[in-house]
């Protein structure tokens, strides 16, 4: 099989879909039965200076790079130069962006970690790769994708944990509850409720620190204004320019992750946190429940501050418990990128 991967997100976007593309590609190329692979890196922007992009990946795969507008891909496809032809020909074109035009002759595979905007975006896909049974049900029942075209592949994690073990030694933990919120500061992630919950804990005598590491979203201005007036204002930090190095340092410096999305199709963020030793407090959404089971402290989506404060306190009580730490590490160890790549490859071969 000849495989082409839309690699531009991995070359230019550090978190989110970019991390998925890099980790999946790197794991794929380590497989003994890895296919002939072309990385189609077409698009503008500065390329990340990472080991994956600078060395190991191009050495194992053919790289086609053009720093031209992504909009040109649609125009070229209309002229007969679809992405599979730009990649030099392939049997399967695997993408993580719905914006990539359909291939001319190759089968089309799309990886989805969140709901698409409409069923139209999934038309003509020979395979849709997703990361939870909940996502498969949604794709079949609400987006009309034939069940045989949807493949559930467990996500990988461990991107940050390998070099954090020494930094997470129990002796280095303090009595201060250090809470981390990762991701865009949107209302759908309940950041205002999280601030209110931390205020309740502080009023009850719990020393704490709260960090928001994520890009500016629709709740950012109100959250900053409230944080400025908050009785814990000096213990609330913001960083709206996340990257891998900042995320790694944040995971090493905190005890509890608050992941409060109202819908998500992949549990990669709380799994990464668990792999790094943090106790997750997570909204009770199906994809998270599938992956985390009894190893997260659950709240309802859009939680009340009182409920969230109780969950944060419970997570802090368990964050350094040896049995809980070992159980979270064992859970995360089952979600490897090697397994993700092998199962994805089997799915792509099956559509041929």
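Throughout, read-outs are computed from the coordinates displayed, never taken from laboratory work. Computed from a predicted structure; not experimentally measured. All Cβ positions, glycine included, derive from the backbone under ideal geometry; neighbour counts span all protein chains shown.
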Legend entry - With Cα atoms, 0 to 90° folded angle of helix 337-350 axis to the chain main axis: 30 degrees
Inset, instruction - Could you tell me which of rounded, prolate or oblate describes the range 166-333, using a ≥ b ≥ c as the square roots of the eigenvalues of the alpha-carbon gyration tensor, with rounded for a/c under 1.5 and, failing that, prolate when a/b is larger than b/c and oblate otherwise? - result: rounded
Inset, instruction - Could you tell me what fraction of 2.2 N^0.38 Å the Cα radius of gyration of the chain comes to, as a two-decimal ratio? - result: 1.03
Legend entry - Which of 131, 335, 238 has the fewest Cβ neighbours within 10 Å, and the rest in rising order: 238, 335, 131
Inset, instruction - Treat the count of other C-beta atoms within 10 Å as a stand-in for reagent exposure and order 232, 5, 185 from fewest to most. - result: 232, 185, 5
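Fewest to most neighbouring Cβ within 10 Å: what's the order for 160, 212?
160, 212
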Legend entry - Crossing angle, helix 133-142 versus the chain [Cα axis fit, 0-90 degrees, rounded to tens]: 60 degrees
Legend entry - Computed helical MRE - 222 nm, the chain, DSSP H runs ≥ 4 contributing -39500 (n - 2.57), nearest 500: -11000 deg cm²/dmol
Inset, instruction - Using only Cα atoms, find the angle between the long axis of helix 305-318 and the longest principal axis of the chain, and express it within 0 to 90 degrees, rounded to the nearest 10. - result: 90 degrees
